[in-house]
Amino acid sequence: AHLDRTAEVDPAVHAYLHVNAEEALATAADVDARRAAGEDLHELAGVPIAVKDVVVTKGQVTTAGSKILEGWIPPYDATLVRHLRASGMPILGKTNLDEFAMGSSTEHSAYGPTRNPWDLERIPGGSGGGSAAAVAAHLAPLAIGTDTGGSIRQPAAVTGTVGVKPTYGGVSRYGLIALASSLDQAGPVSRTVLDSALLHEVIGVHDPLDSTSLTDPAGGLVDAARAGDLAGMRIGVVRELGGEGYQPGVRASFDHAVDLLRGAGADVVEVSCPSFDYALAAYYLILPAEASSNLAKFDGMRFGLRVEPEEGPVTAETVMAATRGAGFGDEVKRRIILGTHALSAGYYDAYYGSAQKVRTLIQRDFAAAFEQADVLVSPTAPTTAFRFGEKVDDPLAMYLNDVATIPANLAGVPGLSLPSGLSDDGLPVGFQVLAPAREDARLYRVGGVLE
Ligand code: GLN
């Protein structure tokens, strides 16, 4: 049914870069046969899933939304993909994204944008717009996203879906094409909070292949999603997230959701995290710095595209320059240049060093706020889905979409976005819940009540 609907709807939405119908149907048939034979299978066995194309899948093209990886077929599975397969989940295909997960609208995909199923003239968020649109348009019941600065939560917000960034280290990064290694986390996208909890438990497993993988990842997520009460829970509204720059309809939807939480028995307090005002600036130094290093491996020798210079000698250096010049898009080049500049001798302390200090201040703000509240809440994104072309030529306007999501990545804490209804423009609004590291269950407890 999902494949049929994809054939019908996806030419307009363009959520998928590759659909793997044959393999998905074979997995589904295998699950049916094993179930008929009486085998005790996982709850999600047979439930299909879409995977963001920045996660490697053995034998299936993986491009990260970039021309530099066009046609590249990975020889191995990401650890999280191994868990999906082991649970019997058919992988429907790979979803579109901003090139190397850099962006907030999927307009930076080298293969053309994904459209928001709520309004095809509007962006589905980014970088994981393909995963969110696939779930919103019922092209898949579940999807995998990755979130370095908001790329699971912001697309979820603007498409009316649920998206979760687990605690850093909660889901293995082995087999993610790295953007910024100290920030990247994979996580679930779904239409309900409970569905995300089920999927999170499948992929949230310790992995010796990822040195930052938690040995004891958060548990009790499904139970928390089903708990249905908030008695005694302290909810902190973050003063710095939600004021100036937030669309009035977004703020109204947020305030209404906070009233619902109060009605469900939670104590609502206001908390202040003054360093959050500097999170965006710190992120846009740390991310390009790490990305410039991670993307150095795309050199025309090892993976995908190889371009030889049109004139002059063919040397390692000229092939690298020609390949990277042709293979990377403008946003990727912009960030590589920013990152190498920020890391260069003489600038390192002024830029990268200062950004790391801000990161510590943000972690301290979280620690102080979590003394006063069990979870923190804010709107996920300052606006509802904007129109194509509105921000793509203005990097700073594009970066501002991430003001509310980035602090969680800088501190490694988990975050969930769920729909809190529609704004006065008729478009969905996202409500963000943040919890202390390893307390992912609290996200599901709050989300389960709001839903
Ligand atoms: N929009 C943010 C950026 O452009 C977030 C990206 C992400 O989470 N992958 O960096």
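Count the net charge of all other residues whose Cβ sits under 9 Å from the Cβ of residue 121, scoring Lys and Arg as +1 and Asp and Glu as -1.
Details: positive: 115, 122, 387; negative: 119.
Around residue 121, the surrounding residues sum to +2.
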### Message
Can you tell me how region 279-355 classifies by the Cα gyration tensor, rounded, prolate or oblate, using a/c under 1.5 as the rounded cut?
### Response
prolate
### Efficiency of FRET between residue 41 and residue 367 - r from beta-carbon atoms, R0 41 angstrom, step 0.05
0.45
### Sparse-neighbourhood loop sites, GluC sites (Glu not before Pro) in region 39-138 - DSSP loop, at most 16 other Cβ within 10 angstrom
39, 43, 70, 121
### Message
In the chain, if the dipole is taken from +1 on Lys/Arg beta carbons and -1 on Asp/Glu beta carbons about the Cα centre, which of 205, 245, 138 is farthest to the positive end?
### Response
205
### Query
Which one of 450, 157, 315 is farthest out on the positive end of the charge dipole of the chain, using unit charges on Cβ (Lys, Arg +1; Asp, Glu -1) and the Cα centre as origin?
315
#### Entry: Global geometry of region 344-400, whether rounded, prolate or oblate, following the gyration tensor of its Cα atoms and the 1.5 cut on a/c
oblate
### Query
When only DSSP loop residues count, what chymotrypsin sites (Phe, Trp or Tyr not before Pro) in region 337-406 have their Cβ near at most 14 other Cβ atoms within 10 Å?
347, 348
### Summary
Here the net charge surrounding residue 380, from other residues whose Cβ is less than 14 Å away from its Cβ (Lys, Arg +1; Asp, Glu -1), is +1
### Query
Taking a ≥ b ≥ c as the square roots of the eigenvalues of the Cα gyration tensor of region 166-233, is the shape rounded (a/c under 1.5), prolate (a/b larger than b/c) or oblate?
prolate
## Note on the structure
Over all Cα pairs of the chain, the Kirkwood radius sets Rh, and Rg/Rh then becomes 0.96
### Query
Using unit Cβ charges (K, R positive; D, E negative) and no other charged atoms, how large, in debye to the nearest 20, is the dipole of region 77-204 about its Cα centre?
220 debye
### Query
When ranked by the protection proxy of mean other Cβ atoms within 10 Å per residue, highest first, what sequence do the peptides 126-135, 269-278 form?
126-135, 269-278
### Query
What's the center-to-center distance, using Cα atoms, between region 284-342 and region 351-401 in Å?
28 Å
### Query
Rounded to the nearest 20 Debye, what is the dipole magnitude of region 193-331 about its Cα centre when Lys and Arg each give +1 and Asp and Glu each give -1 at the C-beta?
160 debye
#### Entry: Neighbour cut-off at most 15 other Cβ (10 Å), DSSP loop, trypsin sites (Lys or Arg not before Pro), region 300-345
302
### Message
For the chain, give me the percentage of DSSP beta bridges that are antiparallel, rounded to the nearest 5 percent.
### Response
65 percent
### Query
Where the only charges are on Cβ atoms (+1 Lys, Arg; -1 Asp, Glu), what is the dipole of the chain about its Cα centre, to the nearest 20 debye?
440 debye
### Query
So, in Å, what gap is there between the alpha-carbon centers of region 204-218 and region 136-189?
17 Å
### Query
Which residue, chosen from 15, 37, 57, occupies the Cα position most advanced towards the positive end of the dipole of region 1-141, where the dipole is computed from +1 (Lys, Arg) and -1 (Asp, Glu) charges on Cβ about the Cα centre?
57
### Karplus 3J(HN,Hα) series, Hz, for region 443-449 with 6.51 cos²θ - 1.76 cosθ + 1.60 (x for Gly, Pro)
4, 6, 5, 5, x, x, 6
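Ranked highest first by the average count of other Cβ atoms within 10 Å around their residues, in what order do 288-295, 192-199, 4-11 fall?
Most protected by this proxy first, the peptides run 192-199, 288-295, 4-11.
Each value in this text was obtained by applying a stated rule to the coordinates, not by laboratory testing. If you're wondering where the values come from, they're calculated on a predicted model, not measured in any experiment. Cβ coordinates were reconstructed from backbone atoms using ideal geometry, including for glycine residues, and neighbour counts include every protein chain displayed.
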